[in-house]
Structure formats: structure tokens, C-alpha cells
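Below you'll find the structure, written out as C-alpha cells, and then a few comments.
The values are calculated or read from the model by the stated rules, or taken from the named source; none is laboratory data. Values in this document were obtained by computation on a predicted structure and should not be read as measured data. Cβ sites come from the backbone with ideal geometry, for glycine too, and all protein chains shown count toward neighbours.
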Amino acid sequence: MEKSTELLSGKTAVVTGSSTGIGRAIALELANAGAHVLVHARRNEKDAEKVALRARTVGRDTRVVMADLSDPAEQDRLVDAAWKWRVIDIWINNAGANVLTGEAAKWSFEEKLAALRKVDVVATLRLSRAIGQRMRERGRSALPVLHQGGLVGLITLENVGDLLVVRDALRRFGTAR
């Protein structure tokens, strides 16, 4: 990974779900642009550490935090750990419940909906509000960024309705106080 710019020099970013896939790419691009990066994963610590190591090769400070975002206590722990590490400038909610592949693909509609609600809706809203409040309290402009990478991909006519419901919930409740 080569340094391409220092646009985000001195900034600190958190990317949830950044051990693989889109989240990994986002974390590495942020590091490439000059940001220090907190890499988050639920269970893939080995790949999360690889992402952090790669970001360090361009001179960035990194940290890995493991947390299950379906659990509100783990959400709070992630926010606290991130804020104690550094003052956060950018927060990207990329993590999402994978209900389309693996064992989850066999779940009932209700089980899939519950998982989507816990991670893609509730965790996204709770994390955004918690970090946004801390950003406001520090007296600087807040820049939480929402990115629902976990909802992208393998969209079929059967599950497109679920996707639209979750995105609508985020849009409606994302600005509620």
C-alpha cells in the first residue's frame, strides 16, 4: 500500500466491520489518505490484525477492537475503547449482519429480520448517536459517516424488501434526537 495523499493527516477514523471486504478496503484507503485507523471485527481477529499491520506500513497508528455489535454493551465498549484510544474524527458504520450466506442463509425470515434489526439498524443508530454526541461535546464539527456495506450484495427479489425496510428505518431514525 503506497501513500497516495495526506488529505486526512492527523485525523482518526473507526471503521466497523473492517477485517475483510468493503470495510477492509475503506480502512486501508483512510490510512492511505493519512488517517489513523481503528479496525473493528466481531470474530475475525487474525484478518483485523492484518489490516492494522498494513495500515502501519504507511506510518499510521492503528488499533484493533473486537466487539459483537448485536450486543448493546459491546457497542458501548467499542465507542469507549475508540474514544479512549484517540479523539475520533470519522466513524464509518460498515458492519452488517450477514443473513445471506453461510449458516444464516438457512435461518427463518424472523431470525434474519432480528439479526438485521440488531446490527444493521439498532447498532448503527446507537453507535452513530454515541460517537456523534462525543464529537459535538468536544466542540468540533461532527463527521460520522454511515455506510451499510453489510446490506450490499446478493440482492434478490426475495430479500430486496428487507433491504428497503432496514434502509428506510436508518433514514427515518438516523436524525431523531
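Descriptive notes on the structure:
- The sole residue among R167, R117 that is at pLDDT below 90 and among the basic types (K, R) is R167.
- Residue under evaluation V122, criteria (1) part of a helix (DSSP H, G or I); (2) surrounded by 20 or more Cβ atoms within 10 Å (Cβ to Cβ); (3) hydrophobic (A, V, I, L, M, F, W, C), criterion not met: (2)
- Filter result for I26 (at pLDDT below 95, crowded, with 16+ Cβ neighbours inside 10 Å and closer than 16 Å to N98 by Cβ): no
- Criterion: surrounded by 15 or more Cβ atoms within 10 Å (Cβ to Cβ), out of contact with any Pro (no Cβ under 9 Å at 6 or more places or on another chain) and on the phi > 0 side of the Ramachandran plot - qualifying residue of G21, G10: G21
- Count of the range 1-51 residues which are under 13 Å from A67 (Cβ atoms), among the small types (G, A, S) and touching a residue at least 60 places away in the same chain (Cβ under 8 Å): 2
- Residue selection: V58 fails the criterion of being surrounded by fewer than 23 Cβ atoms within 10 Å (Cβ to Cβ) and in a strand (DSSP E or B).
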